[in-house]
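Take a look at the structure set out below.
Laboratory data are not the source of any read-out in this text; all were calculated from the coordinates shown. Predicted model, so just to flag it, every value in this text is computed and none were measured. All Cβ positions, glycine included, derive from the backbone under ideal geometry; neighbour counts span all protein chains shown.
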Amino acid sequence: MSDLPLDLPADCASTLRDALDREHKIDRALEALGPIADRDVVVVGPGPDELARDAAAHVRVHAIETSAGRWPIPDAAADAVVSVWSGFRGADPDEIAEADRVLRPGGRLLVVHDYGRDDVSRVRGELPEYGSWTHRDGPFLGQGFRIRVIHCFWTFSTIEDAQGFLARAFGERGAAAGDGLKRPRLSYNVAVYHRTRGDGRAEATRGAGAGAG
């Protein structure tokens, strides 16, 4: 994916794109939870070229810039809606309703956000992604989503490369984290919140769905 979980200067962004999830676990999770191969897919935010290349040669991608407002997509035009970090920040009910509008019956809404409990979150500091968004009564699980946590890495060629990136990207906090590295990678957990079109069983699923789905 060309989208990234944080804004960085151009040189740091290029480094992180190369380091983030070299095993392609996120791509495989999206396919498993979709599927998205040979489907009509709406992609929210950056990443459509990589989605088409990495997930399957025949993904038909419709890209939009934001999950807010009315999307320039006809009703029931998509088999899946995919957002990686940039969209559905807090899962506004109007955004979910718009996704349901463009999805066909049985269509899938797949939203990727940071999950935390990892090396990366200790560098980035407190974020809603690490707290309220993951709660059973939070904006995702409280609106019929399930969650699958993917255990990924930021993997660099050498410890020195990792240390240099962390210092440039995060300043003193990054430099301190780099000093403690024993290998050239940081643990990185992401949550794939997934939901079938019209599955708004918020009350029925409150407190459910916190396991792998």
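Among beta bridges identified by DSSP and lying wholly in segment 10-196, the antiparallel ones come to about 55 percent.
Over all Cα atoms in segment 54-209, the spread is summed up by Rg and Dmax: 18.0, 52 Å.
Each Cα pair under 8 Å and six or more residues apart adds its separation to the average, and for the chain the resulting relative contact order is 23 percent.
Here the Karplus curve 6.51 cos²θ - 1.76 cosθ + 1.60, taken at θ = phi - 60°, turns the phi angles of segment 114-128 into couplings of 4, 10, x, 6, 8, 5, 5, 5, 6, 7, 7, x, 6, 9, x Hz, with x standing for Gly and Pro. Only helices enter this figure: runs of n ≥ 4 DSSP H residues, each worth -39500 (n - 2.57), summed and divided by the residues of the chain, yield -9000 deg cm²/dmol at 222 nm to the nearest 500.
Looking at the chain, identify the longest residue range that excludes and avoids all trypsin sites (Lys or Arg not before Pro) in DSSP loops having at most 16 other Cβ atoms within 10 Å.
Maximal segment without exposed cleavage sites: 23-69.
If only the Cβ of Lys and Arg carry +1 and only the Cβ of Asp and Glu carry -1, the dipole of segment 10-196 around its Cα centre is close to 460 debye. Rounded to 0.05, the FRET efficiency of the residue 65 and residue 183 pair, given R0 = 30 Å and the Cβ-Cβ distance, is 0.20.
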